[in-house]
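A short worksheet on the structure shown next.
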Amino acid sequence: MSNGVTHRGLANGGPLRYRVVAELTKMNQMDKILIVDDNLDVCQALSLMLELNGYKSHCVQSPEMALDAIEKHEFSLVIQDMNFTRDTTSGEEGRELFHALRECRPGIPIILLTAWTELEMAVELMKAGAADYLGKPWDDAKLLTSIGNLISLHKLSRENGELKRQKAERTAVIHEANLCGLVFGSTAMERCVDLALQLAKSDVSVLITGPNGAGKDRLADILHANSPLKDKPFIKVNVGALPMELMEAELFGAEAGAFTGATKSRIGRFEAANGGTLFLDEIGNLPLSGQVKLLRVLQTGEFERLGSHQTRKCKVRVLSATNADLRQDIQTGRFREDLFYRLNVVELALPPLCERRDDVLPLVQHFTRGRALDASAKAALLAHSWPGNVRELENACKRADILARGEMLSAVDFGLMPTQTPQPAVNQSGISSNEAHHNEPFNTLLPESEPVNTAPNRSEIEAAITAHNGVIARVAKSFGLSRQALYRRMEKFGIEVKSSKAEG
Ligand SMILES: Nc1ncnc2c1ncn2[C@@H]1O[C@H](COP(=O)(O)OP(=O)(O)OP(=O)(O)O)[C@@H](O)[C@H]1O
């Protein structure tokens, strides 16, 4: 069997050319190629060429040795001859070896080295899945190109298969989990839920981050509902909702007379959550004095009720959530770094709704109980940037459900302006190119309609507080805001919080 390699290789520039190519193909360094040929010259020539081009090779001279090698080692590709016994030219041995190799390693690319007389057999094996065939004497450049392409393709298809397997596994896990009514259609949310379900099984502290109304509370529900503690207490505390003196009593309990108005002793949320899960929402709003006490109870499980010297113990899993940038708050001294690391063993980052637009229509279907949408509604819902996230969307859906005159819901029913222009391109993060430049990308809110969940100004808040007799929960509801969001606006405008009415 002639190989025609050694001389032609040198004639084409020989080792120098190989060295240049080798520099370019360093990425292939780890790929190992099995060469099966009874002709030692062929083996050596191929080996040298592969080595100079950044591949490892392993040469064997018989089909039996080839099968033994492929059982024991990991190869990226096989180059095999078609005849191994002296004076045999039928290619039968090659055919048998090909099928046996495929059985051992179904996806592995196999290049056949054939004489021109075996063309028919080569075509047959190509139909059976052989990756390529090269007539002897072969062309080095063509062979190298073929090897490079086949290995990349094989890797891609393996990665693809692995991704599909992971996705199927994720879908199955999610399908069986208690999602606490969470609705989604985006891959970003699927990943988030998948991570939440994994974290649910452990007892680590999880910090859920994301903007207002994005669904952090829901994720906390999922973390508890799918945990081994699911039948134990699940206590939620909105850390941002109360002034500090009341918050301490809320968290740790208080003895009668501990502060004005404390007529009888009460247990705190830590005690109530003992053995279960405690969810601390809006943790970024906890003042520094409270942070010290919280850190202590997280580190030691020990605390005292307000007005008592008796040290109590509790064991709770702590989940917390924030829409603030706590890392920034650490820099400015507003948040303790040690507490941050206690709370944030793992961060579950929930993207804003505008970065998971595939959630929008499933959520609308959910909130409108499956009512039909016309084209204007779909376009406007997808184009709007939802600064208030799911909460804003939920309010817009309620509005549409109540106000729509016809069966079909249109953009106007949602308080949105029908989009006139084609939708701007959406980049990889799901943010339109417009969004990259402006915070409010599309002016899709209907000017003459009552805006859905627009931020109220100082006088509007003050008027609403008076109208609702100081009951903050009702004021927040009237604006379609969470209490926390309202508190933040009140703080910004310097409007005093009347604690007694805060819980409404
Ligand atoms: N994926 C979802 N599926 C169904 N309902 C959702 C989803 N995400 C959020 N919601 C609903 O949207 C509203 C706001 O969600 P949630 O309170 O969980 O947000 P949040 O991020 O905790 O907000 P905040 O920071 O203001 O407390 C709730 O009524 C919640 O039930």
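Readers should treat all values here as calculations from the given coordinates under stated rules, not as data from a laboratory. Quick caveat: nothing in here was measured; it's all calculated off a predicted structure. Cβ sites come from the backbone with ideal geometry, for glycine too, and all protein chains shown count toward neighbours.
Ranked by the mean number of other Cβ atoms within 10 Å of their residues, highest first, the peptides 291-304, 201-214 fall in the order 201-214, 291-304. Relative contact order, whole percent, for region 41-167 stands at 20, derived from Cα pairs under 8 Å and 6 or more residues apart. Just name one of Pro109, Phe75, Met189: the one whose Cα is farthest towards the positive end of the charge dipole of region 60-204 (beta-carbon charges, Lys/Arg +1, Asp/Glu -1). Checking the options against the dipole of region 60-204, the answer is Met189. Comparing Cα centroids, region 218-242 and region 160-175 end up 27 angstrom apart. When only the Cβ of Lys, Arg, Asp and Glu is charged (+1, +1, -1, -1), the dipole of region 187-351 relative to its Cα centre reaches about 380 debye. A straight line joining the Cα centroids of region 282-358 and region 38-70 runs 61 Å.
Each of the peptides 218-225, 310-317 was scored by the mean count of other Cβ atoms within 10 Å over its residues; in descending order, highest first, they stand as 218-225, 310-317. Suppose every Lys and Arg Cβ carries +1 and every Asp and Glu Cβ carries -1, with no other charges. What dipole size does region 41-148 come out with about its Cα centre, to the nearest 20 debye? Once rounded to the nearest 20, the dipole reads 280 debye. Extension gain, Asn178 to Lys232: 0.36 nm times the residue separation minus the Cα-Cα distance gives 17.9 nm.
A DSSP coil position with no more than 11 other Cβ atoms inside 10 Å describes none of the GluC sites (Glu not before Pro) in region 147-255.
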